[in-house]
Amino acid sequence: MNEAAVTPRGHAVAAEVNEMVRTDGRNRRAAATRAKIIEAAKAMIDETSEAPTVVGVARRADVSVRSVFQHFGDVESLFVTVVDSIGENIVVSAPPVADRPLSVRIETLVQGLVAVFDKIVPLRVAAGQFVGHPAVLERGLALRQQLRDATMEIFAPELAALEPGDREQLVDAIGAALSLDAWIVLRRRDGLSVERGIAVWRLTLTALLEHGHGHAAAA
């Protein structure tokens, strides 16, 4: 093959490599910008318990307002992304096995819920500004279902002794009493410390399960 045939191909390969490098560089910069925007929004929510504005996030992340819109389209999409990002960083402990003493299971569940809920109180309060948003509703329902499933698994022996209707009522009561919104009431409205909030939930959960046990014995 002569030099004339090789040289153009060499130039073409070099051009392809350069374009790949430029594209990779743009992708890295775009990913870095997106991460900065998300972290800025998370920090603002944690500090204010309010959904941040696009202008505020842009200023905090040191990027343009246009850049925020390019990556997320609107503030609702940004908020949902922040919700998912925070969810990915929350480690939920495995529920205690049902054959452990009831007091241990109660303590483990309460401590586990508090460890998660206390981190996301600002996010939940801020989410009130997006009431009715499909993605926010979907994630809220998924969280409640996870908690319901965990409750039924942890307290399976106690629930098994109840009639189906009574079992559902007890699980509903536990879900309402130990919900994220209930924790917000204790911490934000009533101003309780984490320790006092835990004591309230421990007492509440114990009373609900004892009530269920008494109902089963009477039946």
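Coordinate-derived values only; no laboratory data. It should be emphasised that the depicted structure is a prediction, and the values quoted were computed from it without experimental measurement.
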Residue by residue, what Karplus-based ³J(HN,Hα) values in Hz, rounded to whole numbers, does region 120-133 have, using 6.51, -1.76 and 1.60 with θ = phi - 60° and x for Gly and Pro? 10, 4, x, 5, 5, 5, 5, 5, x, 7, 10, 4, x, 5
What residues have an amide H closer than 5 Å to that of HIS133, excluding those fewer than 5 places away on the same chain, when H is modeled at 1.01 Å from N in the peptide plane? none
q = 0.15, 0.17, 0.27 Å⁻¹: log10 I(q)/I(0) that the Debye formula gives for region 98-151, counting C-alpha atoms only: -0.54, -0.66, -1.11
Note the direction-averaged projected area, equal to a quarter of the hull surface, for the Cα convex hull of region 90-218, in nm². 8.3 nm²
In sequence order, what are the phi-derived ³J(HN,Hα) couplings for region 26-36 according to the Karplus relation 6.51 cos²θ - 1.76 cosθ + 1.60 with θ = phi - 60°, rounded to whole Hz, with x for glycine and proline? 5, 5, 5, 5, 5, 5, 5, 5, 4, 5, 4
Cα extents of region 150-219 along the principal axes, largest first, in whole Å, come to 40, 17, 16
Per residue of region 43-53, in order, report the coupling 6.51 cos²θ - 1.76 cosθ + 1.60 (Karplus, θ = phi - 60°) as ³J(HN,Hα) in whole Hz, putting x for Gly and Pro. 5, 5, 5, 5, 7, 10, 6, 10, 5, x, 7
